[in-house]
Amino acid sequence: MAQPADQAQGAQPKRPDPLDRVYTWPHFLIVEFIGLMVFVVLLFLVSVLLKAPLLDLAQPEYTPNPAKAPWYFLSLQELLLHMHPSLAGVIVPGAVLLLIAAIPYFDKDERGTGVWFTTRMGVDIYRYSFIYTTIWVTALVLFDEFVGTKPVLRLLGLPDSAVEFLGNIVIPVIVMLTVFLLLAWLVKRRWPNADRRHVFIAMFTVYVASFIVLTIIGSFFRGESMYLVWPWELTHPH
Amino acid sequence: MAGNGEAKGSQQTGLFDRVWSWLKSTELFRSIYQNDYPRDRRTRVMVLTNNLFLHLHPNLVTRYSIDYRYTWGLGGLSLATFIILALTGAFLMFYYVPAVPDAYFSIRAFDTDVALGQFFRNLHRWAAHTMVIVVMLHMFRVFYTGSYKGPRKFNWVIGVFLYMLTLLMSFTGYLLPWDQLAYWAITVGVNIGGAVPFVGDQVRRILLAGFDITGATLVRWYTLHVIFLPLIAFWMMLLHFYRVRKDGFSATKPIPIEDHPILGKVKE
Ligand code: HEM
């Protein structure tokens, strides 16, 4: 043990600290403080340079075209174009939130806690899943825009009610589950060592990537009457 | 400055030093700031325990916590945006009138007639969007570092509630300017969320305080936006921070499976 006088001068005790800790003041607080200052300065700069929009007074009789939800709900608005409203607006987001909340109760192996992506394999699985999801989501949106399930079902000569039920509910549910479960299977096949944590990395990435891709499509590729357009063809809502 | 002045002890001569040490000896100063400038073990600990806000931290942190590439500070920045929003929001409340069509004109006047009004409205708006992004990124960080495991299970669940509250706070605020953007974005949003099976109509009626978006909707959402949701969110944040301390922050020496994929070898 160091003498009390040495300790009072800031000397560290001789016995090694098993957790390898340092004083919060100043070592941690300085990092926190600099981060906070950079962040606040950036926010202030943005607020000096960019005006928050304020359009005309609300006119309930006059619907702008297109009418879009706030950006963080655009992924749900996009789903709405492809399936039954209850599915897109309530059941899918509700199920996703429940699944996310339940993650810790199914993935309990504490090895690798505090390490980004757990292992090198985790990084590969994350990249693979991100690309996999991006391709699927883009392809499905394009398919529904230019072909669609309902015309195909009508070609088969099904009655309208069956077309609605299959096209709005059954097929979307099957497709979403397939995208999700197929990935788990592919990951297990490609990385035989992948344990539950690594499969969860793949599945959570489906959520991350589809949120990002759908939000980008909704913000930059949906124009008049929510038809697909290129970003440079976007017109102001009118 | 404070540190230097004191270190010279009795040899100090400069005017600043003399005024400073007089100030520090006053009863008023000592009642506010209870310890010397933190320079040694004792005062470094005291400065944390004596200050309510710093007291959110432990006295010691692991070396891993100091690497900003671990959390990118995202949890702390979520809190920072929340505080900025509470302060700028209170300023907006001085002038905002939750009525149709006064709401719109009060916002417009806030931009043009109030000193720094435009700036503070911009700040409130951009901080709100930023908070949604930062909270999501924080959630992604916690997931990809596996920090939801073991004792932190329930704090992850609290986090999911905070995520929903963040979205709701932003969404209820979206209607308040009562311009075309607000009105129709909320119309679309309520149609998305109102598609609840079986009780959809009832849910829509509760959300809208009627069948359409009217002045009654505005009052309802205003109340949720400025009091109800922030109070719940604040309370949940206290729980969240308490649990981060109690469960132990995840940045300890990892139980390795392999070497660290991003930062190189796991530090020994
Ligand atoms: C308003 C929103 C939130 C605030 C202000 C907040 C704040 C914080 C802070 C300050 C920390 C300390 C470590 C760090 O900075 O990363 C933390 C840790 C944590 N947060 Fe959040 N958080 C919020 C939302 C969330 C969400 C949405 C989740 C997950 C769904 C979450 C889950 C966690 C967990 C599990 C920890 C412990 C992590 C560890 O020990 O490494 N939080 N939070």
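The values are calculated or read from the model by the stated rules, or taken from the named source; none is laboratory data. Since we're looking at a predicted model, the values are computed, not measured. Here the Cβ positions follow ideal geometry from the backbone for every residue, glycine too, while neighbour counts run over all protein chains shown. Side chains are part of the model used for accessible areas, which takes the heavy atoms of the whole protein and leaves out ligands, DNA and RNA. Shrake-Rupley method; radii C 1.70, N 1.55, O 1.52, S 1.80 Å.
Under a point-charge model restricted to the Cβ atoms of Lys and Arg (+1) and Asp and Glu (-1), what is the dipole moment magnitude of the protein assembly as shown relative to its Cα centre, in debye to the nearest 20? If you can, show how the numbers build up before the last one.
Working: 43 positive and 34 negative charges, 376 e Å.
In total the dipole reaches around 1800 debye.
Keeping all protein chains in place and using 1.4 angstrom, which order do A:Arg21, B:Arg108, B:Arg44, A:Arg222 fall into by accessible surface area, from largest down? Before the final figure, lay out each step's value.
Values: A:Arg21 90, B:Arg108 115, B:Arg44 45, A:Arg222 5 Å².
Per-residue accessible area, sorted high to low, gives B:Arg108, A:Arg21, B:Arg44, A:Arg222.
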Mean shadow area (nm²) of the C-alpha convex hull around chain A is 21.8 nm²
At q = 0.10, 0.13 Å⁻¹, what is the base-10 log of I(q)/I(0) for the protein assembly as shown according to the Debye formula with one equal point scatterer per Cα and no solvent? Please give it to two decimals.
-> -0.94, -1.38
Taking only C-alpha positions in segment A:35-176, Rg and Dmax in angstrom work out to 21.7, 65
How many angstrom separate the Cα center of segment A:76-120 from the Cα center of segment A:140-194?
-> 19 Å
Segment B:82-182, convex hull of Cα, quarter of hull surface, nm² -> 7.2 nm²
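Show me the three semi-axes of the equivalent ellipsoid for chain B, from the C-alpha gyration tensor (sqrt of 5 times each eigenvalue), largest first, rounded to whole Å. Please report the intermediate quantities before stating the final value.
Numbers: eigenvalues 377, 178, 47 Å².
Square roots of five times the eigenvalues give 43, 30, 15 Å.
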Put +1 on the Cβ of each Lys and Arg and -1 on the Cβ of each Asp and Glu in the protein assembly as shown; which of B:Ser147, B:Ala109, B:Val203 then has its Cα farthest toward the positive end of the dipole?
-> B:Ser147
Sum of -39500 (n - 2.57) over DSSP H runs of 4+, divided by residues of chain A (222 nm, nearest 500) = -18000 deg cm²/dmol
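Just add up the charged neighbours of B:Leu85: K/R +1, D/E -1, any other residue whose Cβ is under 13 Å from the Cβ of B:Leu85. Write out the running numbers ahead of the final one.
Working: positive: B:Arg121, B:Arg125; negative: none.
Neighbourhood net charge equals +2.
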For A:Leu181, what is the net charge nearby, where nearby means another residue's Cβ is under 13 Å from its Cβ and Lys, Arg count +1, Asp, Glu -1?
-> +2
Under a Gaussian network model of chain A whose springs join Cα atoms within less than 10 Å, the largest fluctuation of A:Tyr105, A:Tyr227, A:Tyr72 belongs to A:Tyr105
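How large is the convex hull of the C-alpha atoms of segment A:96-228 per residue, in Å³? Before the final figure, lay out each step's value.
Working: hull volume 18.5 nm³, N = 133.
In segment A:96-228, the Cα convex hull volume per residue is 139 Å³.
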Which three extents, in whole angstrom, do the alpha-carbon atoms of segment A:20-93 cover along their principal axes, largest first?
-> 59, 35, 15
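Can you sort A:Phe44, B:Phe94, A:Phe73, A:Phe204 by 1.4 Å-probe accessible area, starting with the largest? Present the calculation step by step, with values, prior to reporting the outcome.
Numbers: A:Phe44 85, B:Phe94 150, A:Phe73 35, A:Phe204 10 Å².
Order by accessible area, largest first: B:Phe94, A:Phe44, A:Phe73, A:Phe204.
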Flagged as over-length at 23 Å C-alpha distance, from A:Lys68/A:Lys150; B:Lys149/B:Lys253; A:Lys150/A:Lys188, the pairs are A:Lys68/A:Lys150; A:Lys150/A:Lys188
